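Here's the structure, in structure tokens; my notes come after.
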Amino acid sequence: MTEALLSILIDWLPYLLEGVVLTLGLVIAALGIGLLLGLPMALGQIYGSKPVRSIIEVYVWFFRGLPLLVLLFLFYFGVFPALGLDIPAFLVAIVVLGLRGAAYQSQIFRGAILSISEGQMTAARSLGMTRWQAIRTVILPQAMLIALPGWSNEYPTVLTDTSICYAIGVMELLTRTSEIVSQTYLTMPIYLACACVYIALNYAGMKCLNKLENKVMVPGFGHAST
């Protein structure tokens, strides 16, 4: 029985690994979009005009207030078709995960920026810097260090969220695992193998991010994980 199970797992391993690649693609793309959008939104909430702050607050409220499954259905079956766009499920998942991640990451960056003393902005301006120069050269470098541990915690969250993308047909890890189960009827062993893969991905990703934290850590800014 053990040999037969091992043989089945080996046979299906390439198919499962393709799901791992797609899952990691979702995670990396979502974190990247979240970073590219989340940081400017954090700056807009703090330094922007009242209309800008209001728009960002509505955005954050919307994407943090709806379950991921609802957002996936809304964009895949509603928003994109209404715009006349025929976008593959994988790209829809990236967009939704990225936009949702931006809402959460913006608050991580916002909290980090607000933790910087206002006196540093005043001192930078007194040296002749413009407001943007002070933000870019004085505030942001410190804020990014403070935000790194919180931002790193987005990795396991996004990783587990990718499993929900099966609902719109994305062939990620969980979807492929379910297909293998339907073909082999080996429910417990296959899902257990899937769980082990998620744990391994989580551990490896956090280990890399922890090393990054340790490398860039400056005493007094955040924590370095061991």
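Here are a few things to note about the model shown:
- Local electrostatic count, Leu173, Cβ distance below 15 Å [Lys/Arg +1, Asp/Glu -1]: -3
- Gyration tensor verdict on region 75-207 (Cα atoms; rounded if a/c is under 1.5, prolate if a/b is larger than b/c, oblate otherwise): oblate
- Peptides 55-62, 93-100 ranked from most to least packed by the mean count of surrounding Cβ atoms within 10 Å: 93-100, 55-62.
- Tensor-based shape of region 11-71 (alpha-carbon gyration tensor, a/c under 1.5 rounded, otherwise prolate or oblate): oblate
- For region 69-132, fraction of C-alpha pairs farther apart than 14 Å, in %: 69 percent
- Debye intensity ratio I(q)/I(0), log10, region 45-102, q values 0.27 Å⁻¹ (C-alpha model): -1.04
- Charge tally in the Cβ shell below 14 Å around Trp12, where Lys, Arg are +1 and Asp, Glu are -1, Trp12 excluded: -2
- Distance from the alpha carbon centroid of region 130-166 to that of region 169-212 works out to 26 angstrom.
- Bridging of Lys50 to lysines at a Cα separation below 20 Å is possible for none of them, once same-chain residues fewer than 8 apart are set aside.
- Under 12 Å from Lys215, Cα to Cα: aspartates and glutamates that are on another chain or at least 8 residues apart: none
- Among residues other than Leu43 with Cβ under 13 Å from its Cβ, the summed charge is +4 (Lys and Arg +1, Asp and Glu -1).
- Heavy-atom accessible area order for Tyr155, Tyr47, largest first, 1.4 Å probe: Tyr47, Tyr155
- Area of Lys50 that stays accessible when all protein chains are in place (1.4 Å probe, Å², to 10): 140 Å²
- Diffusion of the chain by Stokes-Einstein, at 10 °C in a medium of 1.306 mPa s and with Rh set to the Kirkwood radius over alpha-carbon pairs, works out to 80 µm²/s.
- Diffusion of region 1-118 by Stokes-Einstein, at 4 °C in a medium of 1.567 mPa s and with Rh set to the Kirkwood radius over alpha-carbon pairs, works out to 78 µm²/s.
- Share of carbon and sulfur in the accessible heavy-atom surface of the chain [1.4 Å probe, %]: 69 percent
- Relative contact order, whole percent, for region 42-153 stands at 26, derived from Cα pairs under 8 Å and 6 or more residues apart.
- GNM on the chain, alpha-carbon springs under 10 angstrom: the most fluctuating residue among Tyr203, Tyr104, Tyr76 is Tyr203.
- Figure legend: label point modelled 7 angstrom from the Cα of Ala204 along Cα→Cβ; residues of region 147-181 with amide N under 14 Å from it are 173.
- Max mean-square fluctuation residue, GNM over the chain, Cα-Cα springs under 10 Å, options Ser49, Ser115, Ser178: Ser49
The values are calculated or read from the model by the stated rules, or taken from the named source; none is laboratory data. These numbers were taken from a predicted model, which means no experiment stands behind them. All Cβ positions, even for glycine, are placed from backbone atoms using ideal geometry, and neighbour counts span all protein chains on display. Ligands, DNA and RNA are excluded from the accessible area calculation, which covers all protein heavy atoms including side chains. Shrake-Rupley method; radii C 1.70, N 1.55, O 1.52, S 1.80 Å.
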